[in-house]
Structure formats: structure tokens, C-alpha cells
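Participant: This structure is in C-alpha cells; I'll ask about it shortly.
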Amino acid sequence: MKDSVIIGQVSPYSIDPNVFAVELYFTGCHHRCKKCHNPDLWNYMPEHEKTLSSLVERLSDILSHGLVKEIHFLGGEPLLNMQRALFIAELIRQLKERFPDVKFVLFTGFEMSHVESLYPFVLDLVDYIKTGKYDVNCAGVKRLHDNFMLATKNQKLWHKTKEGFHLVL
């Protein structure tokens, strides 16, 4: 099992303002949002393919130091297709076994109803999900705190609790 993913830098841009996150940028996106901040990730890049085991090993090394407490799945589009969704689900499962306190945050251009209907198994595993395309016609930032925001007003941030997902922003 493999997919095209670029491991980003350790970042202070996290849901919890007191921790750091590592960002995983998946290549390939069909949304093609106008003024996208990552248009270079629209095309699938086979040169960045990584096996599931190599990605688990690399992320386990990063997480073992205790500084990073969140993993963010961005793109491109992390939920580009079923194969990728299954890849992400298995990656999260394996990392949760080793690092149960790490939070997983998924950024998708899809609406929640689409994710619920096609990828409920991913929702079972993530702690937060940002939904909605980048839409320049909905300009305006929504901030959770100084280090985390949604780029346009149509986007939503959902948090999973025991009762299900609840809208945060």
C-alpha cells in the first residue's frame, strides 16, 4: 500500500495552541479552488510515493520525541479517492496503537455530508475535520485562536466527541 504524500515541517499551527503538529500534504486534487494556496499539489506526484510502512516508521520517529501531538492531513485532497481514504485510515490506526494521545485532523474540500456517506471509516478515526472548499467569494477568516484559522467563511471545523461530530467554527 502506498500513496503520494509530502511530509511537511513540524508546525505551531495546531488545534491545541499548546502543542505542535506535523503536516502531511497529499498530492492530487480535483477541486481546483480559485486562488488555492497549494496549486502545486493539484496533480498526483508519483515521485513522492511512500509506502504505508515507511510513513508509519517516519512519523513514529517524529512522534516519539513527544513534541508533536497532532497530525494534519492536507493537500491537494486527502480524500481524493477510496484507495487514499483506506490508506489514511490504516495509517491512523497504526499510529493510534503506538501514540494514543496524538490527535488527527483532516482537512478536506468536501462537505461533511459527502464524507459521512463515502468515508465513515475515516470519521471513526479522526478527532477533527475541516470541511469545505477554499472559496474566494466567501472571504474572511474564522479563527479558533492565534495559531489556527479557517481561510474562508464557508469552511467548517468539526470536533468529534462521544456523541459524534460537533461544529466548532
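Every number here is computed from the coordinates shown, using simple stated rules; none is lab data. Note that the structure is a prediction, hence the values are computed from the model and not measured. Positions of Cβ are generated from backbone atoms using ideal geometry, with glycine treated the same way; all protein chains shown enter the neighbour counts.
Participant: From Val136, Val126, Val141, Val115, grab the single residue that is more than 20 Å from Phe20 (Cβ to Cβ) and surrounded by 13 or more Cβ atoms within 10 Å (Cβ to Cβ). Quick ask: steps written out before the conclusion?
Facilitator: Working: Val136 fails: surrounded by 13 or more Cβ atoms within 10 Å (Cβ to Cβ); Val126 fails: more than 20 Å from Phe20 (Cβ to Cβ); Val141 fails: surrounded by 13 or more Cβ atoms within 10 Å (Cβ to Cβ).
None of the others qualify; the one that does is Val115.
Participant: Still on this model: Can you go through Leu59, Leu79 and tell me which one is of a type in the set (A, V, I, L, M, F, W, C) and under 13 Å from the mean Cα position of the chain (by Cα)? Show your work before the answer.
Facilitator: Numbers: Leu59 fails: under 13 Å from the mean Cα position of the chain (by Cα).
Going through Leu59, Leu79 in turn, the sole match is Leu79.
Rundown of residues vs (1) buried (at least 17 other Cβ atoms within 10 Å of the Cβ); (2) without any contact (Cβ under 8 Å) to a residue 24 or more places away in the chain; (3) touching a strand residue (DSSP E or B) at 6+ places or on another chain (Cβ under 7 Å); (4) closer than 20 Å to Leu123 by Cβ, yes/no style:
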{"position": "Pro12", "(1), (2), (3), (4)": "no, no, yes, no"}
{"position": "Cys33", "(1), (2), (3), (4)": "yes, no, no, no"}
{"position": "Ser53", "(1), (2), (3), (4)": "no, yes, no, no"}
{"position": "Arg58", "(1), (2), (3), (4)": "no, no, yes, no"}
{"position": "His65", "(1), (2), (3), (4)": "no, yes, no, no"}
{"position": "Ile71", "(1), (2), (3), (4)": "yes, no, yes, yes"}
{"position": "Ala85", "(1), (2), (3), (4)": "yes, no, no, yes"}
{"position": "Arg98", "(1), (2), (3), (4)": "no, no, no, no"}
{"position": "Thr108", "(1), (2), (3), (4)": "yes, no, yes, yes"}
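Each row is one residue, and each column tells you yes or no for (1) β-branched (Val, Ile, Thr); (2) over 14 Å from the mean Cα position of the chain (by Cα).
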position	(1), (2)
Arg98	no, yes
Thr108	yes, no
Phe121	no, yes
Asn137	no, yes
Lys142	no, yes
Leu157	no, no
His166	no, yes
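Participant: Restricting to the range 102-137, name every residue that is of a type in the set (A, V, I, L, M, F, W, C) and over 15 Å from Phe165 (Cα atoms). Walk me through it before giving the result.
Facilitator: Kept after step one, since they are of a type in the set (A, V, I, L, M, F, W, C), are these residues of the range 102-137: 102, 104-107, 110, 112, 115, 118, 121-123, 125-126, 129, 136.
Selection gives Val102, Phe110, Leu118, Val136.
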